[in-house]
Amino acid sequence: SIFPLSTPAAGGYSSSFNSQPPRQYGNEENMQKQKLVEDEFRKREEDLERREHQLRDEQKRLEDARVYGDRVPNFPPIPKFFPCTPCVYHNIDFDIPPEHQVTVRRVFYHWQFTVFCYLLNFIVCFGMICALGTEAGSAFGLSLLFAGLFIPLSFLTWYRMLYNAVRQDSSMRYMLFFFTYGFQILVSGVAALGVGGGGFAGWITAFKTMEKNKALGVLGILVSMCWCLNCLVAVVLIMQIHKTYRTTGQSTGQITKLK
C-alpha cells in the first residue's frame, strides 16, 4: 500500500514532536550554589582540623619542654654586668601546673621572707657588736655564717625541692621536702628563742640587750617577732601541702625516680 507523504505545516515549519524536555536552568543554579557551599564547608573543616593538629603539637612541645627541655638559668636575677650568672631556671607559670601554682608561689614568698629574717638578724647582730664590742662577737660571727649558709640552702633544700616535686610529680621529692621544711620550722623556732651567743637575736638575746641598749633591744624584739611569724607560716604551709599531697592520691608507694 502507498502512504501519502506528510505535507509541511503552515509557515514552512515541521510539525515533528521534540522528545527532549526543556532545560531547567533554576535547578542547575541551585546545585552549583550547593556545591560551592559544600566546598567552602569542607575547606573550613580541613582548616579547623589542621589548626587542631597544630595546637596539639604545640601543646605537646610545651609539655616536653616543661619536663625535659633545656631551660636557660634565670634565677637569681643578676644584672648582666656582674661576673656571676644565674644558677637555675625558675618560672612558676611555665613549669608548675595551674592547680598547684598558688601553693608553690606561697612557699616562694615564704622563702623570700626567710631571707629577710636572716638578713635582718645579721644587721641586728652587727649593731650589737658595734655597740657592745666583743661581748657580741660570737653572735655576730654565727649570724654571718647562718645568713651566708642557710639562705642558699633553704632555696635548694626545701623550696626548690617542692618546685621540682610538683613539676615532675615526684613522691620522693615530696618526702624530702617535708623533711627539710620540718627542719626549717625547727630552725625558726630556735631563732625566735635567741639563746645568748647562738647567732640569733631572738627573745632571750633581745631582752638582755635591752638592758644595755634599748634601740638594739627593740630591734631584737622585731627580729623575734619575724621569726615567730616565719615559724607559724611554715607550719600552716606544710599542713596545707601535706593535705593536698594526700588528697591527690600520692603515697609513698608511688615514689618516682629522681632525675
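Remark: PHE94 matches the filter, which requires a residue to be in a helix (DSSP H, G or I), touching a Leu at 6+ places or on another chain (Cβ under 9 Å), surrounded by 10 or more Cβ atoms within 10 Å (Cβ to Cβ) and modelled with pLDDT of 80 or more. Being modelled with pLDDT of 60 or more and either more than 30 Å from TRP158 (Cα to Cα) or within 30 Å of the chain's Cα centre (by Cα) (or both) is a property that THR7 lacks. Determine, yes or no, whether ARG173 is farther than 20 Å from PRO86 by Cα and open to solvent by 20 Å² or more (accessible area, probe 1.4 Å). It is true that ARG173 is farther than 20 Å from PRO86 by Cα and open to solvent by 20 Å² or more (accessible area, probe 1.4 Å). Look at the range 192-216: where a residue is closer than 18 Å to PHE122 by Cβ and polar (S, T, N, Q) and a partner is open to solvent by less than 20 Å² (accessible area, probe 1.4 Å) and part of a loop (DSSP other than H, G, I, E, B), sitting 6+ places away or on another chain with Cβ atoms under 8 Å, you get THR205/GLY194; THR209/ALA201.
Under the condition of being surrounded by fewer than 20 Cβ atoms within 10 Å (Cβ to Cβ) and under 13 Å from VAL166 (Cβ atoms), the residues counted in the range 105-143 number 3. When each of LEU36, LEU48 is tested for being modelled with pLDDT of 85 or more, assigned to a helix (DSSP H, G or I) and of a type in the set (A, V, I, L, M), the lone residue that passes is LEU48.
Among the residues examined, ILE129 qualifies as among the hydrophobic types (A, V, I, L, M, F, W, C) and in contact with an Asp or Glu (Cβ under 9 Å, 6 or more places away or on another chain).
The values are calculated or read from the model by the stated rules, or taken from the named source; none is laboratory data. Computed from a predicted model, the values in this text were never measured in an experiment. When we count neighbours, we look across all protein chains shown, and the Cβ atoms used for this are built from the backbone with ideal geometry, even at glycine. Remember, those area values only see protein heavy atoms, side chains included, never the ligands or the DNA or RNA. Shrake-Rupley method; radii C 1.70, N 1.55, O 1.52, S 1.80 Å.
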